[in-house]
Structures are given as C-alpha cells and as structure tokens.
Amino acid sequence: NTAMDCCRTSRRLGGKDVKVVVRSPQKDMKASDWEIEDAIREDIPIYENHVPAEFVVENGKLTGMKFEKVTAEYDENGKRSLVPTGEDLVFMEADEVIIAIGQDNAFPWIERDIGMEFGDWDMPVVDKVTFQSSIKKVFFGGDAAFGPENIITAVAHGHQAAVSIDKFCHDADVTERLAPMTNLVSQKMGFHEWTYDAHIDHTDRRLVPHVDKDTALNNLKLEVEKGFDTNLGYEEAMRCLNCDVQTVFSESLCIECDACVDVCPTECINFTEPEEEEADLRQKLLVAATNWEQDIYVSDTLKTKRVMVKDENVCLHCGLCAERCPTSAWDMQKYLYNVTKAGKVA
Ligand code: SF4
Ligand code: SF4
C-alpha cells in the first residue's frame with residue numbers, strides 16, 4: 001500500500017493533479033482493493049501497464065516522465081511477463097515523482113559464515129511447524145520467517161516459536177506437538193430454538209462511512225474511515241452466517257424422508273446414487289456444485305444405497321434442515337478449535 005499512502009498524502013499536501021502509474025495491470029497491484037478504491041475516490045487515476053522509461057529534464061528541471069506501454073502475459077504457471085506493445089513512449093508531465101517501492105525483508109546483519117541457511121528471496125530457511133532455523137537455537141516468526149502476512153499470523157507464529165523454544169530449552173523434541181483440540185457441541189435448545197441467531201439477513205454488506213472528501217483532503221491527520229456506530233455495527237454483525245456452526249449429519253438416524261431437501265432454501269442437500277467420479281457427482285446435484293475450492297460433503301451409503309451429498313459452499317447455516325428433520329439426523333453443532341499457546345496448554 002506504499003503507493004496508495006504516497007498518492008493520498010500528496011493530495012493532502014496540496015497536490016492537485018496526482019496520478020499513480022503502475023507497471024502491472026491494476027488487478028495485479030499489491031495494494032489492497034479498498035485502498036485503491038479510496039485513492040480513486042480522491043480523484044487519483046491509476047495508469048496501469050506503464051513501465052518507467054526515463055525522467056525528462058529540461059534546463060536542469062524535471063518536467064515529467066516517459067513510460068513504455070506494456071501488456072501482461074502469463075505462462076502456464078501463472079508467471080507474468082510485461083511485454084512492450086511497441087507504441088511510442090507516453091510522456092506524463094510532472095514536477096514531482098515519488099518512487100513507491102515499499103519495503104522488503106533484508107538480513108545483511110546476519111553473517112553468512114555462521115551456518116545459517118538462506119533460501120528463496122534470500123530469506124532464512126525456517127521450519128513451518130517449529131519455526132526453527134538451520135541453526136537450532138535460532139527461531140524466526142512473522143514477516144521475517146515467510147514474508148509479509150498479517151499481525152494475527154505473526155502472533156500465531158510467536159506462540160508456536162515460544163512452544164518450540166520451551167521444548168528446546170528442556171531438551172525435548174521440538175517436532176513433537178500437541179494435536180489441536182477440536183470439538184462439536186449441539187446448539188439445539190428447542191424445536192425451533194438455537195443458541196445462535198439462525199435468521200438469515202439478505203441485506204448487502206454495510207459500508208464503512210467516510211468523512212467527506214474535501215474535509216479529508218484538508219487534514220493530513222484526519223482518519224478517513226469513521227467506523228461503524230453501534231447501530232450499524234449491530235446490523236452488520238447480524239449478517240454473520242455463523243460459519244462456526246456446522247451442519248452435522250448422522251447416517252444411522254436418517255429415514256430418507258427427504259424433508260430436509262424440501263426445506264433447504266439453497267437446495268444444497270441431495271439424496272442420490274453415488275458416482276465413481278466426483279465431477280459427475282457434483283454435476284448431477286440439484287444445483288451443480290461448481291466451486292472446487294470447497295469440498296462437498298458425501299455421507300456413507302444409506303439404506304436405499306443412496307448417499308447424502310451436501311454442497312457446503314452455499315449452506316447458510318440457517319438450521320432449517322435440523323428443525324424439519326423428524327429424527328434429528330441433522331444437528332447444528334458449534335465447532336471449536338484450539339491450539340497450544342505460549343504459557344497455556346490447549
Ligand atoms: S443449514 Fe440451511 S442452508 Fe444449510 S443445509 Fe441446512 S437448510 Fe440448507
Ligand atoms: S429430514 Fe432427516 S430423516 Fe429426512 S432425509 Fe433429511 S436427514 Fe434424513
């Protein structure tokens with residue numbers, strides 16, 4: 001997001017005509033989508049596929065930059081090449097040019113003769129489970145271990161590295177880890193009552209209110225996003241799909257009455273003959289399950305030799321199947337997951 005910080009700050013410092021010129025297509029930019037949207041909202045156009053060619057200086061003064069137009073081509077591995085279009089260089093007038101290249105991990109401070117192994121991008125080689133480097137008493141976590149991620153990931157790394165360090169200091173095997181604790185607990189309170197709010201809210205995601213553009217551009221320190229007030233925050237929270245509450249199916253209880261199929265608002269429950277190939281099974285569902293990134297749930301064979309197949313991708317966790325089922329073959333159960341943390345055992 002360095003480029004977005006630079007351009008938006010330039011507007012706040014009085015820049016009237018601020019542009020962002022990017023080598024890649026806009027969709028490949030590393031900046032977050034919402035940062036790009038906010039920049040465009042502040043009248044900052046994005047020029048994609050323009051590779052810097054030269055600064056233009058006249059009489060000792062910068063007058064602008066020339067750019068080579070390119071198109072992005074991707075090979076079968078998704079590796080991108082920026083191929084010149086052959087058009088004339090594009091000149092853009094400018095009295096200031098900010099090169100926004102961000103930051104990178106760098107380890108010049110680690111001597112290369114101490115036995116530490118370095119791999120891709122000149123990053124230390126770190127074990128993904130133990131966070132131990134090739135020097136057994138040195139541990140890495142966060143961006144320094146595997147490149148840029150978020151703070152939540154860095155904290156999780158810290159916990160796991162701390163567990164490793166504790167084991168290392170006690171001469172224990174750092175690769176031996178406690179399995180995560182997982183648990184499913186029924187949320188049923190009555191026929192139509194659940195411990196969670198199963199109601200489905202069909203409204204669109206609430207947008208975070210912003211201060212108006214002129215006010216924002218006149219104050220460098222003013223936070224643009226105002227955040228949700230209590231009411232808006234409550235409304236947004238009510239859109240939660242309760243993904244932590246799972247639909248759990250018990251083959252032995254199912255009498256194959258198909259009542260759950262009728263009631264499911266997204267038609268994601270199916271009773272059908274099994275197929276050898278998953279692709280065939282996905283295709284013949286009431287609504288074809290086309291998202292291969294999401295597994296489908298296939299039960300054991302039932303009494304009629306059919307299987308229950310559920311497309312998890314479109315389940316709303318509304319609980320209607322479990323309310324309708326006469327034998328409690330469906331239940332809504334809250335999933336808990338806990339891992340060992342520093343100073344605490346799961
Ligand atoms: S929880 Fe709702 S959407 Fe999901 S399978 Fe049951 S009825 Fe369908
Ligand atoms: S409603 Fe219950 S018993 Fe009937 S088909 Fe669905 S899971 Fe089986």
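The numbers here are math on the coordinates, done by the rules we state, and not lab data. The model shown is predicted, which means the values in this text are computed figures rather than measured ones. Reconstructed Cβ throughout: ideal geometry from the backbone, glycine too, with neighbour counts over all protein chains shown.
Overview of values
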| quantity | calculated |
| --- | --- |
| Length released on extending from residue 266 to residue 234, taking residue separation times 0.36 nm less the Cα-Cα span | 9.0 nm |
| Residue 312/residue 176 FRET efficiency (R0 30 Å; Cβ-Cβ; nearest 0.05) | 0.35 |
| Cα shape, segment 104-177, gyration tensor, a/c 1.5 rule | oblate |
| Orphan Cys of the chain, criterion: no other Cys C-beta under 4.7 Å | 6, 7, 169, 240, 243, 254, 257, 264, 268, 315, 318, 325 |
| Shape metrics for segment 2-93, restricted to C-alpha atoms - Rg then Dmax, Å | 14.7, 48 |
| Spatially proximal aspartates and glutamates relative to residue 334 (Cα-Cα < 12 Å; intrachain offsets below 8 disregarded) | 244 |
| Neighbourhood net charge (13 Å Cβ-Cβ; Lys/Arg +1, Asp/Glu -1) for residue 312 | -1 |
| Between segment 225-239 and segment 288-312, the Cα center-to-center distance that results, in Å | 36 |
| Relative contact order of the chain, defined on C-alpha pairs under 8 angstrom at six or more residues apart (%) | 13 |
| Top of 115, 15, 142 by mean-square fluctuation, Gaussian network on the chain, Cα under 10 Å | 115 |
| Cross-link partners of residue 79 among lysines (Cα-Cα below 18 Å; sequence separation of 8 or more within a chain) | 27, 30 |
| Size of electric dipole in segment 102-232: Cβ of Lys, Arg +1 and of Asp, Glu -1, about Cα centre, debye, nearest 20 | 240 |
| Local electrostatic count at residue 67 - Lys and Arg +1, Asp and Glu -1, tallied over other residues with Cβ under 15 Å | -2 |
| Dipole-positive endmost among 291, 10, 51 within the chain (Cβ charges, Cα centre) | 10 |
| Residues listed by number, segment 22-44, amide nitrogen under 16 Å from residue 87 label point at 7 Å toward C-beta | 22-26 |
| Packing-based ranking, highest mean first, of 325-335, 94-104 given that Cβ atoms within 10 Å are counted | 325-335, 94-104 |
| Cα centroid separation - segment 113-153 against segment 1-62, whole Å | 33 |
| Helical mean residue ellipticity (222 nm; -39500 (n - 2.57) per DSSP H run of 4+; nearest 500) of the chain | -5500 deg cm²/dmol |
| Among 125-138, 308-321, the order from most to least packed when residues are scored by Cβ within 10 Å on average | 308-321, 125-138 |
| Dipole magnitude (debye, nearest 20) for the chain, charges at Cβ of Lys, Arg, Asp, Glu | 880 |
| Check: segment 104-177 dipole with +1 on Lys, Arg Cβ and -1 on Asp, Glu Cβ, in debye | 220 |
| Residues with amide H under 5 Å from that of residue 194, placed H, sequence gap 5 or more | 189 |
